1. Quick one: if you stick a label point 7 Å off each Cα along the C-beta vector at Ser266 and His109, how many nm between them?
2. Before I look further, what does the range 113-185 give for accessible area per residue, probe 1.4 Å, in whole square angstrom?
3. When each pair of different Cα atoms in the range 57-216 is counted once in the 1/r mean, what is the Kirkwood radius in angstroms, to one decimal?
4. For Leu160, tell me the accessible area in Å² from a 1.4 Å probe, rounded to the nearest 10.
5. Give me a comma-separated list of calculated 3J(HN,Hα) values for the range 213-227, in order, Karplus coefficients 6.51, -1.76, 1.60 applied at θ = phi - 60°, integers in Hz, x for any Gly or Pro.
6. Each residue of the range 117-122 in turn: what ³J(HN,Hα) in whole Hz from Karplus with 6.51, -1.76, 1.60 and θ = phi - 60°, glycine and Pro shown as x?
7. Of Lys45/Lys306; Lys45/Lys246; Lys45/Lys212; Lys40/Lys246, which ones are farther than 30 Å apart at the Cα?
8. Along Cα→Cβ, 7 Å out, is where each label goes; now give me the distance between the ones at Glu143 and Thr285 in nm to one decimal.
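The values are calculated or read from the model by the stated rules, or taken from the named source; none is laboratory data. Just so we're clear, the structure is a prediction, and the values are computed from it rather than from any experiment. Neighbour counts run over all protein chains shown; Cβ positions are idealised from the backbone, glycine included. Accessible surface areas use protein heavy atoms only, side chains included; no ligands, DNA or RNA. Shrake-Rupley method; radii C 1.70, N 1.55, O 1.52, S 1.80 Å.
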Amino acid sequence: MATTVASWRDSYKGMSSDNIKGLVLALSSSVFIGASFIVKKKGLKKAGASGVRAGSGGYSYLYEPLWWIGMITMIVGEIANFAAYAFAPAILVTPLGALSIIISAVLAHIILRERLHIFGVLGCALCVVGSITIVLHAPQEREIESVIEVWDLATEPAFLFYAALVIAAVFVLIFNFVPDYGQTHIMVYIGICSLVGSLSVMSVKAIGIALKLTLSGMNQLIYPQTWAFTMVVITCVLTQMNYLNKALDTFNTAVVSPIYYVMFTSLTILASVIMFKDWDRQSPTQIVTEMCGFVTILSGTFLLHKTKDMADGSAALPIRIPKHSDDDGFENEGIPLKRQDAMRSASH
């Protein structure tokens with residue numbers, strides 16, 4: 001028994017303080033963002049009762065304090081998520097975004113009286129189990145002492161090849177597929193957002209590391225690489241916002257959310273593995289376990305979204321819907337995911 005306990009301690013004592021900080025920040029981010037969905041929705045409903053609904057093009061919610069509280073809560077959550085990337089690897093932080101779905105679902109059940117189907121509860125449980133699996137087997141954060149080190153990682157042949165493929169694919173989608181298929185094929189808009197998103201997260205992580213080092217006394221703002229990463233983030237986020245809003249305006253959010261989450265998270269993990277070589281510091285068993293945890297989270301996410309439709313009493317939702325086709329401006333909103341809803345809010 002003593003040998004078993006010692007072995008367990010040896011196995012898990014290696015979780016660094018940075019990983020723990022990143023984990024706490026990521027969990028805090030999910031709580032704030034998950035709660036912000038509910039607060040904003042309450043604000044939107046309250047504003048819609050006394051003015052023109054947002055779903056009908058109204059902006060009365062801008063005068064509703066409750067909506068602003070929701071927005072501030074979401075901003076706090078996004079800041080915490082940004083900071084989490086400075087401390088922990090993307091393979092740990094990104095999948096935990098699914099926990100905001102659970103927070104939203106539970107609070108919607110309690111506060112908004114939106115029924116949570118029994119299989120939705122199972123979906124929540126799968127997300128929690130998958131998240132715990134990833135947390136327990138996540139790789140250690142790479143020790144970096146300068147933003148120049150991050151730049152060197154980003155300019156290695158493997159990542160340059162990945163970045164070139166992503167940029168080429170994005171241009172092909174924008175110029176060859178968006179004009180003809182953007183309004184009918186959901187994967188076009190989501191593909192652009194997910195591909196660009198994987199590059200934006202890598203740059204966000206670089207900026208987060210630079211700020212962390214700067215606050216610790218090693219000024220990284222004097223390096224042009226820091227500002228180069230900043231320009232990449234601005235360009236990528238603006239592109240994501242543009243095409244994600246197009247996807248949300250054309251297709252049902254309950255369909256967009258899980259597909260976007262799967263593609264964005266998968267490509268982000270791939271980009272992190274290539275750039276930061278996360279898996280080089282892990283055994284094959286740890287890697288397989290992480291992937292099993294990720295698949296478990298994906299299963300829970302799909303189940304939660306699918307059973308929300310069942311809870312609403314409909315067998316299936318159409319993938320493409322007319323603009324603002326709901327009765328009160330909220331029914332088709334679904335349970336949005338972290339990045340998607342944040343960017344959607346920014347467009348208002």
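1. Each label point lies 7 Å from its Cα, and together they span 2.8 nm.
2. I get 59 Å² per residue for the range 113-185.
3. Final number for the Kirkwood radius of the range 57-216 is 19.2 Å.
4. 90 Å²
5. In residue order, the calculated couplings are 5, 5, 5, 8, x, 9, 4, 9, 6, 7, 8, x, 4, 4, 6 Hz.
6. 4, 4, 6, x, 4, 4
7. Check vs 30 Å cut-off fails for Lys45/Lys212.
8. That separation, rounded to one decimal, is 2.6 nm.
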